[in-house]
């Protein structure tokens, strides 16, 4: 492919949330992307730099209604869908029905709507019937480093949730080789506040969050069945985990602290070796040397995942820390990475930003 | 006792650290305390409000050398020792040798020096010989709600570390009644930055900590053997736990997220009931109703410990959250509470401050 | 007065905002207050500790509708009104019409409704007609240290805004003695986020505020005419100031940095002396020694105002820093202080909390 | 120039401070830079990603002693000097003496050593004799948008301080056209904590800074004479300003709130027009529309300066807000921008990063 003249025309639906605006940021930095369409129901007709002044000085399309996507022939290559779940499926279905036949559009969905492949499970977790079940089956789970081959060929990608991204990246390879006991996985996860999106609620106010931390999401956070689905798929058996999220007063960042028991086949060394090996060609996965404590600040604004393996001196317990920026590797960065895969361009195109520290 | 005229004369050694200054704050608010002596090797001769301007306008003794404690007859009732470990034992020993015979002094030590009762263990953990082993045996572990009777009669109290306080308060009662499996205790703990004291190191700088979080302290944080000692004492067998601390960008607060397996005798209900029952007369322990997520902000500046029990729907896993202010219940507040016990005054004297929220 | 048996029965209207909950905190700590009534339109029938868990374990009345204040004979001594402006005047009027004749109620209003004494000005600033103009004339401006005598005798106190409190305390004494040029007052003020209350808006979300600071409120913040009114009253001439507020990512605290020109009669020394003298008996006003930089952390949670005077080496420019906790001295603390004045009890009753640092 | 094959070989002295590491970040992103040398006296022989793990996975030279710069022939094109003042001048002098004759090195100094052109002034402000006075005269003040022509031809560039950058950018054009009264300039500036560098002092600890703000630097912050020098140069007369910095609990960002009086020739409109005009071709300077309040978050991580002009309704007072990221436009970004100028490549090379928000 002659990349030099490649222009990938994209639309971003839901551009006035944090995931949407992060996609805009990354798309601007991308050498081959042209942003053609931006939607926001709430700010129709306004310039995105009125809502996010950090885009001042950059030429971008005005914010439109989603409807206007269907009224014109924009000849889009990719639509990124940053809409709330249950809305997303309606729009994605409409895109496939009304735009697909004339255009070759790929849809990269960042909502939860196509992550869960089982229709009943979806309805149980999200409390609503799924109205696009054919697409639900068609969607590929967009955990890049694990499902690359499927993603490349897919027309609909369901990008993983932020917690699942951080958690599945180290766990799937270990299950693949039976290196851990699948019946005893405990995950204590901590997330920054952008994980909750730009929702107006008292619990997201500065004064309620700063100088505080608290657990939430029990008995069943919505990301737990998503994680369990992928782990179960890996070993062909139902996996049930303990998953407890906590809210921490930072903007960006997730740490998953994962407590595991080695299997008969493994030790901390075999586990670390397996992860090193698995990810040795993945430029965004940094398997750390023994003894290194990764910090969310190390990946702030970048598409990296840092993974570090620790063990207790005298038994078979393993502790793995996995750290990402929830808005980048946990959402918009991974979405771009998946797009890069599809278009057969370097996987890091537009993503080689260095973390911003401090 | 006729409390109305009671004056408890106290000295605080190491008043220019955060634990020391928090003791000063609480002592000022205490109805029966008179602060007679404050030491700081670093700021000798200066007024404490030069280092901590929030004390401006309050009459307090000048900061002295510790040595001057021994040069004068201050007739102290209590010495609070907020010195670094290994220094503390030297000073405490000297107090018992040089001041005890003429005065009836009680020593409440907030360092680690008298927490570990086994001499070999101490040396292994802290890397130094213990030079006051007789006192080491004499010291009572000052976890107020658990060891009240011993504390009342003690002349030397070793106040627990901040993590151990948050962790032992819910665990000891459960082990007492065999309600949990002692071989499978996983503790994911998060602490605010004052837990590291006022030490000058890059890792305590604002710019290294704000907008970040990270694990630390593996393979063996010094508080782990302290926790294990008390758990082992409770059941008369060696208990070995998994303990992983994390640093969070807040000033004050600890959350311990504790992952447990029920024993044959228990369920989440029996566990919650046991804790309710155990602490029903303890005004500083708040065992929360089902479903409540405690936040560090709920206890900021107060001597409270909030404990909440959760269970997964369908198995015998229990999750307990225990939340304290590390500087108050985790250090200086508990120290005052112990003093109140000794002097037979209401346990909450000087401690009925409401948490400062927001 | 025999204080020992004094019980001051109070009601707090609007208890589910930050000012209201701060009043609850201070009232609990107050030796003579009994909280008899708490209102919240939004959380009627619920316990206040469901909204603010830091009150768990403390007996408090359930949250009621304001209406129920008028349906029962609570025999209140004081109503604290923490309602939004324009609502406040309606309720206060009703209190005076329906409750006053049978009870001796004092009303301490924390809204803006009775701060501005000129009816036209009020309407201009707040965009609504004032519907309680008789009470508007009757209200006394509750800047404690300046208007003590009037406050003592008043039945309706209009507590100053947070910015005006920090700004007027140093400025009024200086104008009193003609020590500064009234035509050249520039105030650059910075406030923590609780100053905006518990309002749901994107601009109050954690992620919009943390790691950021910005000016706001131009061309005319509502506190500016309030400040100008009081300054003008002092000199009997219209004073017009430059006032620019900024939002800073902290919960509590205001710094007003005030730029002044000396008058012919003054120098930095005469100005500092004047302030020292004026406030020498005021326990909550700390006029600092030369060279001291006050921090908001020095007054966090306390009712103090710290004032520091600086000068440039070689001219007649003076810079004054005035620092308060906006929720305490800037709102609920000053309200309690005014109540103490009225009931002729020590002005610091319930207010001798030490600032919480760190 | 055929840019495509351009490789600019650079060395960075003092790479383990925040300014140094920010230069490394920007240099990595730069299309034409090759990092050849990194020094750090403190961490000699170590990899920079041990100190700053956000560089993990990127190939960079090991940290060396500065001395080793002179022991080898690195054929450097540019040396960026991020050393403390008074050290910097010694090294720069040595570079010019020992390396210049054989190499065509440009030196871009980020310390204060070459900003002040008057030798006596330097000694008065920094308390030390200047030992490289010839170079002091030769150095060009690197405020890019103002001194472009001089910078292009210079071999030694003294990059402005962070405060001066934010303040001079709007002020110099206004003085140029006599639009403001030079005798009445008041600047209330607020800075994030990285402005103080990575220095170990209690006042930089997280717990001393978070949830607080305070003024500092009076009676004379070192940046004040630097600002006055440039303003005086502009009008050919001594300008004396009032400058008060404040420390704010954020990592990155400066707001300068500048209070001005219009001259006879000006109004807020002429002033805004002048700034629009002056900077219309400068991609990093964003003169904002009327009514816009710039936030430090809008420029976080970017090389932008946002300038906004406000006026009071009825007089000749003007308020200008100028906002930058102190580590980028206020230090390392501007340094790279100056390098770009010298090498005649697009001024934004390596600098078109979008601000990271949230």
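The values are calculated or read from the model by the stated rules, or taken from the named source; none is laboratory data. Nothing here was measured: the structure is a model prediction, and the numbers come from that model. We place every Cβ from the backbone using ideal geometry, glycine too, and count neighbours over all the protein chains shown.
Quick notes on this one:
- Which numbered condition residue C:217 fails, given (1) within 11 Å of chain D (Cβ to nearest Cβ); (2) surrounded by 19 or more Cβ atoms within 10 Å (Cβ to Cβ); (3) within 30 Å of residue A:252 (Cα to Cα): (2)
- Within region B:259-266, at least one residue is over 25 Å from residue D:195 (Cα atoms), crowded, with 18+ Cβ neighbours inside 10 Å and at the interface with chain A (Cβ under 10 Å from one of its Cβ atoms).
- The residues listed here are A:171, A:220; of these, the one that is part of a helix (DSSP H, G or I) and either modelled with pLDDT of 95 or more or farther than 28 Å from residue B:209 by Cα (or both) is A:171.
- If you go through region A:119-133 and keep only what is surrounded by fewer than 16 Cβ atoms within 10 Å (Cβ to Cβ) and not in a helix (DSSP H, G or I), you end up with A:127, A:128, A:129, A:131.
- Out of A:320, A:241, sole residue that is without any contact (Cβ under 8 Å) to a residue 60 or more places away in the chain, within 21 Å of the chain's Cα centre (by Cα) and not assigned by TED's automatic domain parsing to the domain that holds residue A:115: A:241
- Residue under evaluation residue C:319, criteria (1) closer than 26 Å to residue D:209 by Cα; (2) in contact with a helix residue (DSSP H, G or I) (Cβ under 6 Å, 6 or more places away or on another chain), criterion not met: (2)
- Restricting attention to region B:119-140, the residues being in contact with a strand residue (DSSP E or B) (Cβ under 7 Å, 6 or more places away or on another chain) and touching a residue at least 40 places away in the same chain (Cβ under 8 Å) number 1.
- Scan of region A:39-53 for residues that are closer than 15 Å to residue A:27 by Cβ and touching a residue at least 24 places away in the same chain (Cβ under 8 Å), ordered by number: A:39, A:48, A:52
- Any hit, region D:15-24, residues being farther than 27 Å from residue A:294 by Cβ and either touching a helix residue (DSSP H, G or I) at 6+ places or on another chain (Cβ under 7 Å) or surrounded by fewer than 22 Cβ atoms within 10 Å (Cβ to Cβ) (or both): no
- Among the residues of region C:188-207, those that are over 18 Å from the mean Cα position of the chain (by Cα) and either under 19 Å from residue C:239 (Cβ atoms) or surrounded by 23 or more Cβ atoms within 10 Å (Cβ to Cβ) (or both) comprise C:188, C:205, C:206, C:207.
- The sole residue among D:236, D:197 that is more than 14 Å from chain C (Cβ to nearest Cβ), at pLDDT below 95 and under 30 Å from residue C:312 (Cβ atoms) is D:197.
- Meets criteria (farther than 26 Å from residue B:216 by Cα, touching a strand residue (DSSP E or B) at 6+ places or on another chain (Cβ under 9 Å), touching a residue at least 24 places away in the same chain (Cβ under 8 Å) and surrounded by fewer than 24 Cβ atoms within 10 Å (Cβ to Cβ)) for residue B:174: no
- Matching option when the condition is closer than 30 Å to residue C:265 by Cβ, under 14 Å from the mean Cα position of the chain (by Cα) and part of a loop (DSSP other than H, G, I, E, B), among C:164, C:160: C:160
- Those residues of region C:315-325 which are within 14 Å of chain B (Cβ to nearest Cβ) and closer than 18 Å to residue C:146 by Cα, in sequence order: C:323, C:324
- The set of residues in region B:85-118 that are in a loop (DSSP other than H, G, I, E, B) and in contact (Cβ under 8 Å) with a residue 60 or more places away in the chain comprises B:110, B:112, B:115, B:116, B:117, B:118.
- Residues within region C:202-214 that are at the interface with chain D (Cβ under 9 Å from one of its Cβ atoms) and under 14 Å from residue A:209 (Cα atoms), tallied: 7
- Residue C:69 crowded, with 16+ Cβ neighbours inside 10 Å, more than 23 Å from the chain's Cα centre (by Cα) and either without any contact (Cβ under 8 Å) to a residue 60 or more places away in the chain or within 23 Å of residue B:355 (Cα to Cα) (or both): yes
- Lone qualifier among A:52, A:37 - being away from chain D (no Cβ under 14 Å), modelled with pLDDT of 95 or more and farther than 27 Å from residue A:223 by Cα: A:37
- Selection within region A:103-118 - under 25 Å from residue A:333 (Cβ atoms) and out of contact with any strand residue (DSSP E or B) (no Cβ under 7 Å at 6 or more places or on another chain): A:104, A:112, A:113, A:116, A:117
- Only one of C:9, C:100, C:59 that is over 22 Å from the mean Cα position of the chain (by Cα), closer than 23 Å to residue C:343 by Cβ, surrounded by fewer than 23 Cβ atoms within 10 Å (Cβ to Cβ) and away from chain B (no Cβ under 14 Å): C:100
Residues are listed down the side, and each one gets a yes or a no for (1) modelled with pLDDT under 95; (2) facing chain B (nearest Cβ under 10 Å); (3) surrounded by fewer than 20 Cβ atoms within 10 Å (Cβ to Cβ):
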| position | (1), (2), (3) |
| --- | --- |
| A:257 | no, yes, no |
| A:271 | no, no, no |
| A:303 | no, no, no |
| A:313 | yes, yes, yes |
